[in-house]
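Take a look at the structure below.
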Amino acid sequence: MFANITACKYSNDSTETTTLTVFAAASMTETMEQIADIYENDNKNINIEFNFDSSGTLKTQIEQGAVCDIFISAAQKQMNELEKDFVNTDSRVDLLENKVVMIVPENSDSDITSFEDVKSANLISLGNSDVPVGQYSEQIFKSLSLWDELNNGNKISFASNVKEVVSQVASASVDCGVVYATDVTKDSKVKIVADAPEGSCDPAVYPAAVLKTSENQTEAQKFLDFLSEDECKNIFSEAGFTPLT
């Protein structure tokens, strides 16, 4: 099992426990852990383990044979690339949508108040090219004709996932960064200064699916269906996601 997999607590019920392994985009960490606690409490024979990371990293791990029952990506690209060989297409659903935003350190007094203002930044944190938020960022800055200036001018500090972008901005090691709105919480020590310009990037849609390789097809589908119920929709909405199912 990969080092960054976090396990929810096991039930003390004597019934044999089924473990579901869910690979989910790092931006879903808090919401999915909250949902798993609720689900395990109501389903004493189910234990849920998570692997949270960038969608590109998760995709690679699945391709390399990692045990995974459900995959939730932060973009269509990674799910599409897995679809033929790994995805149970009948289970695939567009679960959520997120917003791409510009953040600065909480106490920043910089003049960066829009995506266009990155021209004045010394350093900006963006996700790597295999990270959905990094792909969205590149689309945005290309649409603003700023990508070449940032990339060729060594103004980008690339991060492995959105959590790392938030960390770099919070520590003020960079002037600003691009993440999802849901990554900014009261404890993040960052603040949102702008939403991505309308039409500047693909919608940040999160597809979810049961994998063909899952040995727990019925249980996995049941949990995936639960993510579309009102209780989960409320949790996602409170975190800043827009439920799509």
Subset of the range 196-205 that is closer than 14 Å to M102 by Cα and touching a residue at least 24 places away in the same chain (Cβ under 8 Å) - its residue that is surrounded by the fewest Cβ atoms within 10 Å (Cβ to Cβ):
P197
Is there any pair with a first residue in the range 224-245 that is farther than 15 Å from D37 by Cβ and at pLDDT 95 or above and a second that is surrounded by fewer than 16 Cβ atoms within 10 Å (Cβ to Cβ) and not basic (K, R) whose Cβ atoms are under 6 Å apart and which are 6 or more apart or on different chains, and what are they?
S228/T245; T242/E97; L244/D94; L244/E97
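For every residue, the table says whether it meets (1) touching a Pro at 6+ places or on another chain (Cβ under 8 Å); (2) modelled with pLDDT of 95 or more.
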| site | (1), (2) |
| --- | --- |
| F2 | no, no |
| A7 | no, no |
| Y10 | no, no |
| E16 | no, no |
| A25 | yes, yes |
| M28 | no, yes |
| N45 | no, yes |
Assess whether L123 counts as being surrounded by 22 or more Cβ atoms within 10 Å (Cβ to Cβ) and at pLDDT 95 or above.
no
Over the range 17-70, the set of residues charged (D, E, K, R) and either in contact with a Ser or Thr (Cβ under 9 Å, 6 or more places away or on another chain) or over 19 Å from E83 (Cα atoms) (or both) is E30, E33, D37, E40, D42, K44, E49, D53, K59, D69
Go through V193, V174 for me and flag whichever is under 17 Å from S108 (Cβ atoms), among the aliphatic types (A, V, I, L, M), buried (at least 19 other Cβ atoms within 10 Å of the Cβ) and over 18 Å from the mean Cα position of the chain (by Cα).
V174
Suppose the filter is over 27 Å from T185 (Cα atoms) and either under 16 Å from the mean Cα position of the chain (by Cα) or surrounded by 14 or more Cβ atoms within 10 Å (Cβ to Cβ) (or both); does L150 pass it?
yes
Please verify whether the range 197-215 includes one or more residues that are of a type outside the set (G, A, S) and touching a Pro at 6+ places or on another chain (Cβ under 6 Å).
no
Options A75, A36, A24, A66; residue that is open to solvent by less than 10 Å² (accessible area, probe 1.4 Å) and in contact (Cβ under 8 Å) with a residue 60 or more places away in the chain:
A75
Just checking, how many residues over the range 206-221 are closer than 19 Å to L96 by Cβ and either among the acidic types (D, E) or open to solvent by 40 Å² or more (accessible area, probe 1.4 Å) (or both)?
1
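The values are calculated or read from the model by the stated rules, or taken from the named source; none is laboratory data. On a predicted model such as this, the values are computed, not experimentally measured, just so you know. Ideal geometry is used to build each Cβ from the backbone, glycine not excepted, and the neighbour counts take in all protein chains shown. The area values use the complete protein model at the heavy-atom level, side chains included, leaving out ligands, DNA and RNA. Shrake-Rupley method; radii C 1.70, N 1.55, O 1.52, S 1.80 Å.
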